[in-house]
1. Using alpha carbons only, how many angstrom separate the centre of the range 97-129 from the centre of the range 10-76?
2. Please report, as a whole percent, how much of the solvent-accessible surface of the chain comes from carbon and sulfur atoms (probe radius 1.4 Å).
3. With every protein chain kept in place and ligands, DNA and RNA left out, what is the accessible area per residue of the chain? Probe 1.4 Å, answer in Å².
4. Please list the three semi-axes, largest first and in whole Å, of the ellipsoid equivalent to the range 64-104, using sqrt of 5 times the eigenvalues of its alpha carbon gyration tensor.
5. State the extension gain, in nm to one decimal, for the chain segment bounded by residue 134 and residue 179, taking 0.36 nm per residue of separation less the distance between their alpha-carbons.
6. Considering the Cα trace of the range 1-61, what is its radius of gyration and what is Dmax, both in angstroms?
7. As a check on your grasp of the helix formula, calculate [θ] at 222 nm for the chain: sum -39500 (n - 2.57) over DSSP H runs of n ≥ 4, divide by the residue count, round to the nearest 500.
8. Which entry is the computed mean projected area of the Cα convex hull in nm² for this structure: [x] 12.3; [y] 13.9; [z] 15.0?
Amino acid sequence: EKAREYLDTITGMNAFITYDGRTRTYQIHNIFTNFLREILEEKASDYKKMLHEKAGSWYFQAGDYLAAMHHFHAAGDFEKLLSVMELDKTNSITNEQQKKLLIRYFEECPQEYKQSHPIAVLAYAMALMTFNEMELFEKVTGEFLTLLQGSKLDPAQIQRLMGEFELLLSFTKYNDILEMSRHHKKACEMLKEPSAFMDT
């Protein structure tokens, strides 16, 4: 509740923390950042988990989905990580390093979380295709079908997800307009609303 008061006191008395009025952000000097990291390393794992949870929630509210995913992964909170992925639709993943992080997050994610977040699985598969990770794409699409077979979703939800899946498969046929159209027609029959796994 007194965050502004505390921050004003800290910045007024401490050369290691400054406020940048142009960007409206607080900057911490590298020496102080390293000092704080050393203190953090000495803390118990449950304390670190709590800090990562809070940081993930803060970044999520600020709209920085990539940073939110990083902190939820560090906290071991795959439920929130996949929820962020569903909202972001992997739009934040734009380079090779981020792609490697996304793959790591997803590969370490337990199956039960993937089962309850099938849209995140489809968004992940689309990102893999975009990055031409076709071997991994094949693995994930197979995993998606297995997840659906073992799910407790009602038939209408399964039909919708299969429509989303057909839409995903259409992009694998981008050099064959007839095959792409075949997938689009199937998707159109099964989807009664815009796609949820890609940013339309």
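The values are calculated or read from the model by the stated rules, or taken from the named source; none is laboratory data. Computed from a predicted model, the values in this text were never measured in an experiment. The area values use the complete protein model at the heavy-atom level, side chains included, leaving out ligands, DNA and RNA. Shrake-Rupley method; radii C 1.70, N 1.55, O 1.52, S 1.80 Å.
1. Distance between centres, Cα-based: 25 Å.
2. On the way: 6900 of 12720 Å².
Within the chain, the accessible surface is 54 percent carbon and sulfur.
3. Details: 12720 Å² over 200 residues.
Counting only protein heavy atoms, the per-residue value for the chain is 64 Å².
4. Details: eigenvalues 46, 27, 12 Å².
Largest first, the range 64-104 gives 15, 12, 8 Å.
5. Details: separation 45, 0.36 × 45 = 16.20 nm, distance 1.82 nm.
Length gained between residue 134 and residue 179: 14.4 nm.
6. Every Cα atom of the range 1-61 included, Rg and Dmax give 13.5, 37 Å.
7. Values: 11 runs with 141 residues, N = 200.
Calculated at 222 nm, the ellipticity per residue is -22500 deg cm²/dmol.
8. Here mean projected area of the Cα convex hull in nm² agrees with entry [z].
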